[in-house]
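Each remark here refers to the structure printed beneath this line.
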Amino acid sequence: MNNRRLSPLDRVFRQLDDAVRTVLAPPPPASRPNPAKGVPEATMTERERRHAAALMRVNHAGEVMAQGLYQGQALTARLDEVRGAMEQAAVEEFDHLAWCEQRLVELRDRPSVLGPLWYSGAFLLGAGAGLAGDRWSLGFVAETEAQVINHLENHLGSLPPADQRSRAIIEQMKLDEAQHGAEAQAAGGLPLPAPAKGLMTLMSKVMTRTAYWL
């Protein structure tokens, strides 16, 4: 179906379907090959395995939030081009969700039990950003991606050196997030005020520290 012909009510139902698929069902198959394909599994100590799994759980939770953000912004976007860009970004982020979940299975661990909370909170933030205006919404995307890249870089420095499979996934995620941020800026995203950036940083810290354990 052409997204530009959807009525507001149709878009609401579509977002509900996307929400259910994000937090209650396995992610759809990734549209791209897993970056870890062909990278051999390493032998790690139990402590290293648990730490790597916890980092990938945080990344998985971040991707659940990304779905909520983009879907919330798509719902309230004013321009069709912006709505389409948000929906396309959400599709691409599903690859990250699938890769992180697959890696968690390989590491004999699970996603965060607080997935519905991460999704719903991010959805409300995204919808609010969209209501503020498309250029603010795009600026919100750019700032979000900048903060995501920062925490991915921290994870790359914290991963057990032997865990090259997780590293390959995170490296590709980092490239994709940089592209999304650059596209949002090029589309006219406005720089966010310092208080908004600070609030986003605080919320990110709460999520990462909580999802590491839960």
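Data table
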read-out: Boolean, GLY62 is within 19 Å of GLY181 (Cβ to Cβ) and not aliphatic (A, V, I, L, M); value: yes
read-out: Subset of the stretch 108-126 [of a type in the set (A, V, I, L, M), surrounded by fewer than 23 Cβ atoms within 10 Å (Cβ to Cβ) and in contact (Cβ under 8 Å) with a residue 40 or more places away in the chain]; value: VAL113, LEU114, LEU124, LEU125
read-out: Check on GLN179, of a type in the set (S, T, N, Q), surrounded by fewer than 18 Cβ atoms within 10 Å (Cβ to Cβ) and over 18 Å from the mean Cα position of the chain (by Cα); value: no
read-out: Residue in the stretch 83-94 that is in contact (Cβ under 8 Å) with a residue 40 or more places away in the chain, buried (at least 23 other Cβ atoms within 10 Å of the Cβ) and over 15 Å from GLU145 (Cα atoms) present; value: no
read-out: Selected residue (only one of ALA168, ALA129, ALA184 is under 15 Å from ALA90 (Cα atoms) and buried (at least 17 other Cβ atoms within 10 Å of the Cβ)); value: ALA184
read-out: Any chance ARG103 is closer than 30 Å to THR43 by Cβ and not in a loop (DSSP other than H, G, I, E, B); value: yes
read-out: Candidate set from the stretch 12-41 (those that are buried (at least 16 other Cβ atoms within 10 Å of the Cβ) and part of a loop (DSSP other than H, G, I, E, B)); member that is modelled with the lowest pLDDT; value: PRO27
read-out: Where ASP163 falls short, out of the listed (1) acidic (Asp, Glu); (2) buried (at least 17 other Cβ atoms within 10 Å of the Cβ); (3) touching a Pro at 6+ places or on another chain (Cβ under 9 Å); (4) within 30 Å of GLU41 (Cβ to Cβ); value: (3)
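The values are calculated or read from the model by the stated rules, or taken from the named source; none is laboratory data. Model, not experiment: these values are computed from the prediction. Every residue, glycine among them, receives a Cβ derived from its backbone with ideal geometry; neighbour counts consider all protein chains shown.
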